[in-house]
Amino acid sequence: MKRKSLSILAVAGFSAALALSGCARASHDGSSSGGPGEITMWTHSAGNPGELAVYQQIIADFNASQSQYKIVQQNFPQGSYNEAITAAAAARKLPCLLDMDGPVMPNWAWAGHLQPLGLPDDLISSLLPTTVGRYKDTVYSAGYWEAALSIFARKSVLDRNSIRIPTADKPWTLDEFDVAVTRLKANGYTTPLDLGAADKGEWWSYAYSPMLQSTGGDLIDRGTMKTADGALNGPDAVKFFTWFQQAFKNGWADNAGPVGNQRFIDDKVALSYTGVWNAKDALAGVGDDLLILPPVDFGKGPKIGGGSWQWGISAGCKNADGARAYLTFSFQDKYLTAFADSQVVIPSTTAAAKASKYFSDNGALHQFAVLSQKFALARPATPGYPVISSTFEKAAKDIMSGAEVKSTLDTAVRAIDTDISSQNGYGF
Amino acid sequence: MTVHPVERVLRRRQRLWIYLAMAGLAVFFLFPLVFMFVSSLKPDGQILSDVGGWRAFLPLGDISFRNYSGVFDRVPVGRFLLNSLFVTTVIVGAGLVINSMAGFAISRLRWTGRGVVLSIIIATLIVPFETIAVPMVYWVSQLPTLLLQNGQLVYDFGWLDSYEVQIVPFIANGFSVFLFAQYFSTIPTAIDEAARIDGAGWFTIYRKIAVPLSGPAFATVAILTFLPAWNQYLWPSMVVQDENLRPVMVGMQYFFQDNTAWGEIMAYTSMITLPVLVVFLAFQRAFVSSVAASGVKG
């Protein structure tokens, strides 16, 4: 009884204390930023010390350069970044500044998460076209760098097998490429080509839709953005996916993995279709024998995917002017070069590329900058892209595993078109 | 009664085969752990090259603890471990108390609607967490909270970015309530009646009779609550923005950059698996006996 009375007294006392203290609501400006002048910035870079070091330098320099705004950085690991954004958007707690994978931007803009970027025109025009995210002719995002794919090979291996070394001006035709992999397989490589098919997710659209586009197909009819019919299941698409299926059936490629470029470094495959991010290790492993070759011309010219991570400003940002001031400040060439050299990515301005140890005219990876400028094609700027991408991945994997090409593509087209219809055409 | 020598030899042989089979199974189940630890000592290139052969399970080649120091460079692993330990301990501790009390109320007390409540609790088990995650984020972002601001007690809305958002939604657990209710129902009601005659209240019966007699059930619930709490990934990915509050599993994603740091992943998983192994070994006997008991009586 005594104990019960004590408990009741304690609860009553706590309630009275709250009432007497005039418990008021916590003071904050209610925006997606923190305190006055504070601009919250989210990156997907947790676990990437090189990238974070450059961000920290930019933020320190910006915060020291003026007293009106203060950037507060929060870092998320890439793998869980989209979940964090989705949750924050649902709770209306998005930060002012956020980075995003280029092809996702139109979906976020359409969902009302982003506001137009509003950076100076001269800054935007100085950037590589695929590092600028446009949705319905409005710029919503811009990036410090670009990535690019190429085919890694050993010069000695190509010479030994009498295979022509392709150039950006004269890439391999599909016939030449088929002859090359057939010869490499006959001369000792059990699997001559690593297409990276052990990977999953966005890689599939990023890596293989450019091949489709090089054949003449596409993920969607870019003229209307309202249907994939004819683009993803037309004769060109069927032609490409038939080749894709044959590449696995003939044993030219497999999906055994591991993901990455290790099989090429170990000389277990002769050709590796991979990205600039694997170039540094390949250089270290293969040395001067390494060739960075342009992608294959499937008929309509070589293509590689464009659009890497880019920065945007959330729609609810109360300090949008400060966010713009920060972004404008951050696009200095010295920072772009720092990103390029720490991350081994292609800087988004020519001046930054010239100053880079890897991508300058004499840099060991200059070829990637050339390939990006010549062949990069952004993924379709439609809010339906996430569905297009996952549908494409499923269809391509089914075809790789032996599914009938045309009917699989028809099914994929139906899935994409159904999504577009259910969203009333995503505003197109 | 004597056993014929031939029969004895046969029994020994039979036992030998059983031991051999069990040893084989033990090795089979140990392979992933051995692979994880051995790989944590190798550079990335060697791990990938060794995969597919016996070398993957042997500490051969360029062996060092470099991956472990790399983990500390990339991830605040100590902080993450402490966060997970705190969150998990509170979920398990509070869960044992609250779910056992709920189970006791359902199992031993007689009240109207008891069956309906139990049915609703069991029905919650078929709802996958993923389907309610986003609505829950919205919900927790609207909950009131008390803060100390400039020496004054103030209120605000939103539990995001806190420990409580990682703990409170997971304390009450339908499966735990069901398991406790099942276990308590095996204790003879005559004990309750005797205690009631002696003047004991329901809480005293719960505390002094039901709890001491239900050790295996508590151990089972503890371990079954511990594992998902320790392995939480999706929820903290959504509701925790501050790195200082993140648990260990979210830290795993730090290693999946454009190039995956396999050696560091193995070192990290070796570090974060250790507490799980310790808990399992500590509760193993009680866990097995509880599973056996509930299997017979459930």
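Got a sec? How would A:Arg222, B:Arg74 order by Cβ neighbour count within 10 Å, fewest to most?
Fewest-to-most ranking of A:Arg222, B:Arg74: A:Arg222, B:Arg74.
Hydropathy first: keep DSSP H helices in chain B averaging at least 0.5 on Kyte-Doolittle, then drop any whose Cα extent along the axis falls short of 24 Å, and list what survives.
Helices meeting the criterion: B:5-39, B:77-108, B:262-297.
In whole angstrom, how far apart do the alpha carbon centroids of segment B:1-76 and segment B:101-158 sit?
43
Taking the Cα-to-Cβ direction at A:Asp221 and at B:Leu147 and moving 7 Å from each Cα, how far apart do the two end points lie in nm?
Between A:Asp221 and B:Leu147, the simple spin-label model gives 5.2 nm.
How far is the Cα center of segment B:186-200 from the Cα center of segment A:253-288, in Å?
The two parts, judged by their Cα centres, are 72 Å apart.
Rounded if a/c is under 1.5, else prolate if a/b is larger than b/c, else oblate: which is segment B:12-158, with a ≥ b ≥ c the root eigenvalues of its Cα gyration tensor?
oblate
HN-Hα J couplings of segment A:50-66 from phi, Karplus 6.51/-1.76/1.60, θ = phi - 60°, integer Hz, Gly and Pro as x?
Along segment A:50-66, the couplings run x, 5, 5, 4, 5, 4, 4, 5, 4, 5, 4, 5, 5, 4, 6, 7, 7 Hz.
Relative to the longest principal axis of chain A, what angle (0 to 90°, nearest 10) does the C-alpha long axis of helix A:235-249 take?
80
Rounded to the nearest 500, what is the 222 nm mean residue ellipticity of chain B from helices alone, with -39500 (n - 2.57) per DSSP H run of 4+ residues and division by all residues?
Calculated mean residue ellipticity at 222 nm is -21000 deg cm²/dmol.
Can you give the angle from 0 to 90° between the axis of helix A:174-186 and the longest principal axis of chain A, with both taken from C-alpha atoms, to the nearest 10?
Roughly 80 degrees, rounded to the nearest 10.
Give the lysines whose C-alpha is closer than 16 Å to that of A:Lys226, dropping any in the same chain fewer than 8 places away, or say none.
The qualifying lysines are A:Lys136.
Among the listed pairs A:Lys268/A:Lys357; A:Lys239/A:Lys397; A:Lys93/A:Lys200; A:Lys268/A:Lys374; A:Lys70/A:Lys318; A:Lys239/A:Lys406, give every one whose C-alpha distance is greater than 19 Å.
From A:Lys268/A:Lys357; A:Lys239/A:Lys397; A:Lys93/A:Lys200; A:Lys268/A:Lys374; A:Lys70/A:Lys318; A:Lys239/A:Lys406, over 19 Å: A:Lys268/A:Lys357; A:Lys93/A:Lys200; A:Lys268/A:Lys374.
Run the Debye formula on the Cα coordinates of chain A, all scatterers equal and no solvent, and tell me log10 I(q)/I(0) at q = 0.09, 0.11, 0.12 1/Å.
-0.62, -0.87, -1.01
In nm, to one decimal, how far is the modelled label at A:Ala378 from the one at A:Gln246, with both set 7 Å along Cα→Cβ?
About 3.5 nm, to one decimal.
Would you work out which of B:Phe178, A:Leu128, A:Ala207 lies farthest towards the positive end of the dipole of the protein assembly as shown, given +1 charges on the beta-carbon of Lys and Arg and -1 on that of Asp and Glu, about the Cα centre?
It is B:Phe178.
Suppose we look only past 24 Å in the calculated P(r) of segment B:130-286. What percent of the Cα-Cα pairs does that tail hold?
56
Can you list the HN-Hα couplings for segment A:207-221, worked out from phi with the Karplus curve (6.51, -1.76, 1.60; θ = phi - 60°), rounded to whole Hz and with x for Gly and Pro?
In residue order, the calculated couplings are 8, 9, 5, x, 5, 4, 5, 5, 7, x, x, 6, 7, 7, 6 Hz.
Under a cut-off of 13 Å between alpha-carbon atoms, report the aspartates and glutamates in cross-link reach of A:Lys155, not counting same-chain residues fewer than 8 places apart.
A:Lys155 reaches A:Asp267, A:Asp288, A:Asp289.
Of B:Arg207, B:Arg13, B:Arg79, which has the largest mean-square fluctuation in a 10 Å C-alpha GNM of chain B?
B:Arg13
Just the number, please: Stokes-Einstein D of segment B:90-138 in µm²/s, Kirkwood Rh from C-alpha pairs, 37 °C, 0.692 mPa s.
Translational diffusion coefficient: 258 µm²/s.
To the nearest 10 degrees, how steep is helix A:320-330 against the longest Cα principal axis of chain A, on a 0 to 90 scale?
40
Let me know the charge dipole size of segment B:196-298 about its Cα centre in debye, to the nearest 20, where only the beta-carbon of Lys, Arg (+1) and Asp, Glu (-1) is charged.
740
Sum -39500 (n - 2.57) across every DSSP H segment of at least 4 residues in chain A, then divide by the residue count to get the 222 nm mean residue ellipticity, nearest 500.
Using -39500 (n - 2.57) per qualifying helix, the result is -13500 deg cm²/dmol.
Taking the dipole about the Cα centre of chain A, with the C-beta of Lys and Arg at +1 and of Asp and Glu at -1, give me whichever of A:Ser330, A:Gly307, A:Phe76 is farthest to the positive side.
A:Phe76
Say R0 is 25 Å: what FRET efficiency, to the nearest 0.05, do B:Phe29 and B:Leu60 get from their beta-carbon distance?
With R0 = 25 Å, the Cβ-Cβ based efficiency is 0.65.
Give the relative contact order (percent, whole number) for segment A:205-269; include only Cα pairs under 8 Å separated by 6+ residues.
22
Would you calculate the separation in nanometres between label points at B:Ala200 and A:Asp289, each defined as 7 Å from the Cα along the Cα-to-beta-carbon direction?
Result: 8.0 nm between the two label points.
Sorted from fewest to most neighbouring beta carbons within 10 Å, what does the list A:His366, A:His44 look like?
A:His366, A:His44
Quick one: Debye curve from the alpha-carbon atoms of the protein assembly as shown only, equal weights, vacuum; give me log10 I(q)/I(0) at q = 0.07, 0.10, 0.11 Å⁻¹ to two decimals.
Values returned for q = 0.07, 0.10, 0.11 Å⁻¹ are -0.63, -1.15, -1.31.
Rule-based calculations on the coordinates, nothing more; no lab input. Source: prediction; values computed, not measured. Note: ideal-geometry Cβ built from the backbone for every residue, glycine included; neighbour counts use all protein chains shown.
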